[in-house]
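**Q** First, the structure itself, so that you have it in front of you.
The values are calculated or read from the model by the stated rules, or taken from the named source; none is laboratory data. All values reported here derive from a predicted model rather than from experimental measurement. Using ideal geometry, Cβ is built from the backbone for each residue, glycine included, and neighbour counts are taken over all protein chains shown. With ligands, DNA and RNA removed, areas are computed over all heavy atoms of the protein, side chains included. Shrake-Rupley method; radii C 1.70, N 1.55, O 1.52, S 1.80 Å.
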Amino acid sequence: MLVIGLTGGIGSGKTAVSDHFARLGAPVIDADVVSREVVEPGQPALLEIVEQFGADVLQEDGTLDRRVLRQHIFNDSEAKTRLEQILHPKIRATMRKQLEETDAPYAILSIPLLFETGQNKTVDRVLVVDCLPEIQLRRVMQRDGGSEREAQSIIDSQSDRNLRLAAADDVIENNGTLSELKARVEQLHQKYLTLST
């Protein structure tokens, strides 16, 4: 099976792209979705997080209180690293298991931190969703309701746009309309079907 690693900066349109691939019948395994699944009550990752950070990271119903956890790791790179050491291996293992259970010509692994976590080396092709920096900034501000400075700091914390583009096998430019975006996804869908045979 051909494995496509889908990534892009915040606000680039990764979700719109992965949603359309899914509508076309391509299996999409999303790291953000898996990251929520691995911390559900009863999961080993949640128990490890409580051991590491204390019971105050749990809400009354036993689910993870993400706001409290964020406070634990905010401005503490050591705590952030400990959290990543708990989560990243479990997220990867769950995604690999889901991939192995998939029977399709190709599959999409949607991984926002594809390059930052070195997972670009584990896929057959890298698909980057990209948009102009000013469009990205506007989308992040609209989505989060924050200031321009806050939005820019989130963008700056991600991997460099030029490095992403240089390492891409395929690029979807998402500067236009949703119908243009869908048309580009449909072209790539056909390409990936051809490559997978």
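**Q** Taking the condition of being open to solvent by 70 Å² or more (accessible area, probe 1.4 Å), more than 19 Å from Gln136 (Cβ to Cβ) and touching a residue at least 40 places away in the same chain (Cβ under 8 Å), how many residues in the stretch 168-197 meet it?
**A** Looking only at that region, the number is 4.
**Q** List the pairs whose first member sits in the stretch 86-99 and is under 27 Å from Phe53 (Cα atoms), whose second member is of a type in the set (Gly, Ala, Ser) and part of a helix (DSSP H, G or I), and whose Cβ atoms are under 8 Å apart, counting only residues at least 6 apart or on separate chains?
**A** These pairs meet every condition: Ile86/Ala45; Leu87/Ser35; Leu87/Ala45; Lys90/Ala45; Ile91/Ala31; Ile91/Ser35; Met95/Ala31.
**Q** Related question: Need the failing condition index for Val68 against (1) open to solvent by less than 30 Å² (accessible area, probe 1.4 Å); (2) under 21 Å from Glu116 (Cα atoms), just the number.
**A** Val68 satisfies every listed condition except (2).
**Q** In the stretch 172-197, what residues are within 15 Å of Ser18 (Cβ to Cβ) and assigned to a strand (DSSP E or B)?
**A** Of everything in the stretch 172-197, just one residue is within 15 Å of Ser18 (Cβ to Cβ) and assigned to a strand (DSSP E or B), namely Ile172.
**Q** Consider only pairs whose beta carbons are under 6 Å apart and that are at least six residues apart or on different chains; among these, list those whose first residue lies in the stretch 47-63 and is within 20 Å of Gln85 (Cα to Cα) and whose second residue is among the basic types (Lys, Arg).
**A** Gln52/Arg82
**Q** Based on what the data block shows, is Ser18 among the small types (Gly, Ala, Ser), out of contact with any His (no Cβ under 7 Å at 6 or more places or on another chain), part of a helix (DSSP H, G or I) and under 17 Å from Val126 (Cβ atoms)?
**A** yes
**Q** Of everything in the stretch 52-75 that's aliphatic (A, V, I, L, M) and assigned to a helix (DSSP H, G or I), which residue is nearest to Ser35 (Cα to Cα)?
**A** Leu69
**Q** Additional query: The conditions are (1) farther than 13 Å from Arg96 by Cα; (2) open to solvent by less than 40 Å² (accessible area, probe 1.4 Å); (3) not in a loop (DSSP other than H, G, I, E, B), and Val3 fails exactly one of them. Which is it?
**A** So the condition that Val3 fails would be (1).
**Q** Can you name the condition, by its number, that Asp30 falls short on among (1) acidic (Asp, Glu); (2) out of contact with any strand residue (DSSP E or B) (no Cβ under 6 Å at 6 or more places or on another chain); (3) in contact (Cβ under 8 Å) with a residue 12 or more places away in the chain?
**A** Of everything listed in (1) acidic (Asp, Glu); (2) out of contact with any strand residue (DSSP E or B) (no Cβ under 6 Å at 6 or more places or on another chain); (3) in contact (Cβ under 8 Å) with a residue 12 or more places away in the chain, Asp30 misses just condition (2).
**Q** Residues that are closer than 26 Å to Phe21 by Cα, open to solvent by less than 40 Å² (accessible area, probe 1.4 Å) and touching a helix residue (DSSP H, G or I) at 6+ places or on another chain (Cβ under 9 Å): which helices (runs of 4 or more DSSP H) entirely in the stretch 76-167 hold 2 or more of them?
**A** 77-100, 133-144
**Q** Against the conditions (1) over 18 Å from the mean Cα position of the chain (by Cα); (2) aromatic (Phe, Trp, Tyr); (3) under 30 Å from His189 (Cα atoms), where does Phe74 fall short? Just the number, please.
**A** The number of the failed condition is (3).
**Q** Look at the stretch 25-47 and say how many of its residues are outside any helix (DSSP H, G or I), surrounded by 15 or more Cβ atoms within 10 Å (Cβ to Cβ) and over 19 Å from the mean Cα position of the chain (by Cα).
**A** 1
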